[in-house]
Structure formats: C-alpha cells, structure tokens
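What follows is one structure encoded as structure tokens, with my remarks underneath.
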Amino acid sequence: MTATAFVVNSSVSSDFSGGNWDLVPPLAVVGRDVRVPLVTGGDIEYAALDYAASAPCLQRVWDDVAAYLPYYGSVHRGAGYLSQLSTDLYESSRATVAAHVGARPDDLVVFTRGTTDSLNLLASALPHGTRVFVFETEHHAALLPWRRRSGVTHLPAPASPAEAVSVLDAALAADGGDGPRLVCVTGASNVTGELFPVAELAAVAHRYGARIVLDAAQLAPHQPVSITELDVDWVVFSGHKLYAPFGAGVLAGRSDWLAQAEPYLAGGGASKAVTADSVEWNDGSARHEAGSPNVIGAYAIASAFRALAEVGFEALAAREEALSARLRAGLAGIPQVRTLELFGPESARVSVVSFVVDGWNSSRFAAALSAEYGIGVRDGLFCAHPLVRRLLGARTDAPAECGAPDAPTGEQNLNAIRVSFGAGTPEEHIDRFLGAVRELVRGGARWTYRTDGGRCVPDADPRGPVAAAGVR
Ligand code: PLP
C-alpha cells in the first residue's frame with residue numbers, strides 16, 4: 001500500500017434491508033480455525049460459543065483496522081497529515097454509528113470504553129434528583145451505576161413481555177412527584193436471550209414524562225437498533241460484543257442532560273480553556289471524551305456496522321434463528337438439561353441459551369466442555385445475580401466449589417452454563433456442542449477437575465500453561 005492509499009471511508013449506510021433470505025454462510029471471523037489442545041490428547045478446532053461475553057473479531061473489521069494502522073495518528077490534536085486523517089476517521093466513524101443507530105439530528109454519539117462505561121457516564125449526567133426505574137433482571141452494568149447518586153426503584157422480574165409493560169406502567173403511575181425520571185432496560189437478556197418489548201416500554205415511559213435508555217449490549221450484534229424507530233432516549237452498547245474488540249463502546253442519544261452535566265472525566269479534550277483556577281468545558285461529545293480518543297475502537301465499531309449491514313441483519317437473523325432452533329431442540333431432547341427462561345419457550349430471543357444439567361455442577365460441566373471437547377462456553381451467574389438466582393430457584397448461596405461433589409440429581413444447581421453464538425458460528429459448532437453435552441450426560445467426564453482461584457480446572461493438566469504460538 002502506498003502512503004496515500006488509505007482512504008477514509010465515510011460512506012454512511014443505514015440500509016438494513018439488503019442481504020438475501022437464503023441462509024447466508026457464517027461470516028469470516030479472525031481465529032475461526034484456531035486449534036486448542038485437549039486434556040485427553042491431540043487438539044481440535046476451537047468452538048467459540050461465548051459470543052454474549054465477547055464475540056470474535058470480524059475478518060472485515062480486522063482488515064479495515066490493519067489497513068488503517070500504518071496511518072494511525074493522534075486525534076484532534078496533531079497538525080500532521082496522519083493526525084488529520086485519523087481525526088477524519090474518528091469523526092466519520094461517529095457519523096457512521098449515528099446513522100446505524102438511527103440517531104436524531106441533534107443526538108450525541110459519545111465513544112466510551114463499553115456498555116458499563118456508557119451507563120456510568122449517563123448515571124453521572126443525570127439531573128439532580130432523577131429517579132431511576134430498572135428491572136431486577138438486568139445485567140449488573142444496568143443495575144448498579146444508578147445506586148451511587150439516584151433513587152432507584154427495582155421492578156420485579158416480569159413473567160412475560162406484556163407484564164414488563166404493565167409493571168413499568170404501574171410503577172411510574174405509583175411514583176408521585178415531579179422531577180426527572182429514567183427507565184433503564186435491556187433489549188435482550190444476557191442470561192436467557194429473551195427480547196424485552198423496548199418500543200412499548202419507551203411509549204409507557206414517555207407517557208409519564210420519563211426518559212428511557214436501552215442497553216443494547218446483547219441486541220445490537222443481532223438486530224438493527226434504531227433510536228428513532230424504538231423512540232428511546234439513549235442507546236448503549238459495546239464494540240467487543242459487536243465483532244469489534246478494540247476497547248470502545250457507545251452512548252448515543254439526547255444531548256441536553258449530557259450538555260448540562262459535569263464532564264465524565266476531567267482532562268484534555270473535554271476542556272476548551274483552562275487557567276490555574278478556572279476551566280471552560282467543551283460542548284458536544286468532546287465534553288465526555290477527555291483523554292486521547294480510541295480511534296481504532298471507534299473505527300472498528302463503524303466497520304462492524306457496515307459489514308453487518310452489507311450482509312443484511314435479516315439474513316444474519318434468519319441464520320441465527322435456524323441455528324438457535326437446532327440448538328434448543330437438541331437441548332430439549334436431553335432430559336437432564338433444564339434451560340432457563342423468563343418469558344417461556346415461545347418468546348422472541350437472540351442466540352443466547354443458559355441451562356443447568358441435573359446432577360452436575362455447572363462449572364465442572366463447562367470445564368469439561370472446554371478441556372475434553374475444545375468448546376468455550378461460560379459458567380456462573382453472568383453478572384446478573386438476581387436474575388440467575390431467581391431462575392435457578394431462589395437460592396442465594398455462593399456458587400459451590402467445582403471440586404465439591406456434583407449436586408445430587410434433583411437438587412438445585414448454584415450456577416448455570418451459558419452457550420451463545422452469532423454471525424461467525426458454523427453449524428458444526430452447534431452440532432459438536434450438542435454431541436458433547438449428550439456424551440457428558442451419558443458417560444460422565446473423562447477427567448477430574450478441581451477449583452483453582454475460583455475457576456474449575458483440570459486436575460494434573462497435561463497441556464501445561466495456557467499459551468498460544470506467537471502470543472508474547
Ligand atoms: N449489558 C448487558 C446486557 C451485557 O450482556 C453486558 C456484558 O455482558 C453489559 C451490559 C456490560 O458490557 P461491557 O462489559 O462491555 O461493559
């Protein structure tokens with residue numbers, strides 16, 4: 001590539017109607033063919049089934065980032081050519097994100113470190129006295145930031161989308177008094193994958209003069225999320241769940257509360273003019289983006305949106321639904337498996353399934369899937385303790401040590417297993433996973449496991465320390 005070959009791609013596409021309706025092949029992701037060693041000997045292609053935690057990088061995103069890297073420069077500060085190119089790229093990425101989240105003309109798009117950071121930023125910008133309403137089923141990132149400075153009403157776990165709407169309606173009706181109110185809701189549960197009725201909840205919130213922020217961490221990788229169509233006030237999400245793992249996230253939405261708030265971080269970029277004893281803060285997104293911006297992270301998110309939109313969210317969703325149906329039918333055919341659900345088996349969802357296996361400690365099950373089958377899932381309470389404990393049966397003990405005997409058949413499990421996938425997942429990974437679950441349930445683990453530093457690990461691991469060729 002010549003020194004001037006890198007062109008800032010500022011084309012802004014918000015066309016989600018493309019793609020075709022036949023099942024598209026899995027999208028190319030970096031690491032698709034990585035092999036991992038097994039405790040039982042040999043190695044196997046890694047089956048990444050933990051997309052809900054962090055999805056692999058789209059090859060397209062990596063190609064875009066790699067093409068840009070030689071031209072990397074400081075953003076908003078430098079006089080040099082590459083600084084200006086990088087600044088253009090950062091700002092055009094903001095415009096791309098704005099278009100892809102259906103932002104209103106006067107909305108702000110603030111680049112953050114991720115969903116947790118975005119929600120903490122919004123919490124820091126709430127007008128004094130704001131009362132926050134949040135379902136107890138939320139991820140901790142959406143449950144906790146408000147507690148520091150606002151009055152929080154925890155709404156009980158709804159048993160259906162319709163109940164979610166009526167619970168919020170009743171809570172807002174019962175909450176007398178003036179003053180600002182904010183509802184925080186997830187688009188898709190990180191535990192059950194089930195969709196919350198965001199547009200209906202937004203309509204209820206607005207009917208009572210409240211505002212609403214949508215936690216789209218689990219939704220944005222699977223569906224187009226439009227601020228305008230859903231009529232939400234803000235949307236937040238993370239790049240690393242959107243196939244763009246370069247340390248950035250987004251808070252997009254109404255500017256007024258953000259404009260009136262103290263900057264989230266004090267420092268360069270957020271400040272316009274500074275003397276020894278005074279500071280004039282910047283307006284707009286810059287006010288809350290102090291420090292050197294993460295241009296690679298922002299560009300990666302824009303690149304991911306473009307790549308997903310080019311294939312078409314409908315086509316991707318059709319493929320994920322087909323794989324989900326296969327996964328869920330397979331699990332349903334194993335009598336020892338119980339999937340965790342809030343709204344019931346027929347509810348709309350993204351490709352996230354949590355479950356327990358009767359007679360098994362979930363951590364040991366997940367460890368065996370990894371060590372004996374090369375399959376990466378997640379175990380635990382998924383940073384949603386109130387919800388998972390409720391779904392497990394209301395026990396609030398700490399998770400059992402995985403070295404302890406398994407829960408006897410019929411007893412409650414203390415934590416769960418989560419399998420999740422997305423645009424890069426090939427069909428055979430779902431089949432391999434189902435085969436492994438059946439084999440473990442039927443024949444038991446072939447290895448022994450112990451607890452080490454809170455993790456369940458193989459006893460006397462013949463694979464040695466975890467390492468990868470070329471990773472220093
Ligand atoms: N909200 C939901 C629904 C999530 O699933 C997660 C992460 O798992 C978060 C928020 C927090 O995201 P991050 O860790 O990227 O800040």
Open item on the list: Given the options Val101, Val97, name the one that is closer than 15 Å to Ile296 by Cβ and either open to solvent by less than 20 Å² (accessible area, probe 1.4 Å) or within 16 Å of the ligand (Cβ to nearest atom) (or both).
Closed with: Val97
Task: Residue within region 33-47 that is touching a helix residue (DSSP H, G or I) at 6+ places or on another chain (Cβ under 7 Å), among the aliphatic types (A, V, I, L, M), over 30 Å from Ala290 (Cα atoms) and not in a strand (DSSP E or B) present - done: yes
TODO: Show the residue pairs that are 6+ apart or on different chains and have beta-carbon atoms under 8 Å apart, the first residue being within region 334-354 and within 19 Å of Pro161 (Cα to Cα) and in contact (Cβ under 8 Å) with a residue 24 or more places away in the chain, the second being part of a loop (DSSP other than H, G, I, E, B) and among the acidic types (Asp, Glu).
DONE: Ser347/Glu341
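To keep it simple, each residue is scored yes or no on (1) touching a helix residue (DSSP H, G or I) at 6+ places or on another chain (Cβ under 7 Å); (2) surrounded by 19 or more Cβ atoms within 10 Å (Cβ to Cβ); (3) outside any strand (DSSP E or B).
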| residue | (1), (2), (3) |
| --- | --- |
| Ser83 | no, no, yes |
| Ser93 | yes, yes, yes |
| Pro105 | no, no, yes |
| Ala123 | yes, yes, yes |
| Gly129 | no, no, yes |
| Phe133 | yes, yes, no |
| Arg147 | no, no, yes |
| His154 | no, no, no |
| Pro158 | yes, yes, yes |
- [ ] Tell me which residues, restricted to region 335-348, are part of a loop (DSSP other than H, G, I, E, B) and open to solvent by 10 Å² or more (accessible area, probe 1.4 Å).
- [x] Pro335, Gln336, Glu341, Leu342, Phe343, Gly344, Pro345, Glu346, Ser347, Ala348
Open item on the list: Residues that are modelled with pLDDT of 95 or more, assigned by TED's automatic domain parsing to the domain that holds Thr115, under 14 Å from Leu121 (Cα atoms) and open to solvent by 10 Å² or more (accessible area, probe 1.4 Å): does region 233-241 have at least one?
Closed with: no
Task: The listed residue being under 22 Å from the mean Cα position of the chain (by Cα) and surrounded by 14 or more Cβ atoms within 10 Å (Cβ to Cβ), out of Ala309, Ala325, Ala270, Ala290 - done: Ala309
TODO: Among the residues of region 121-164, write down those that are under 30 Å from Pro245 (Cβ atoms), in contact (Cβ under 8 Å) with a residue 24 or more places away in the chain, of a type outside the set (A, V, I, L, M, F, W, C) and more than 9 Å from the ligand (Cβ to nearest atom).
DONE: Ser124, Glu136, Thr137, Pro145, Arg148
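The values are calculated or read from the model by the stated rules, or taken from the named source; none is laboratory data. Predicted model, so just to flag it, every value in this text is computed and none were measured. Backbone-built Cβ (ideal geometry, glycine too); neighbour counts: all protein chains shown. The accessibility values were calculated without ligands, DNA or RNA, using every heavy atom of the protein model including side chains. Shrake-Rupley method; radii C 1.70, N 1.55, O 1.52, S 1.80 Å.
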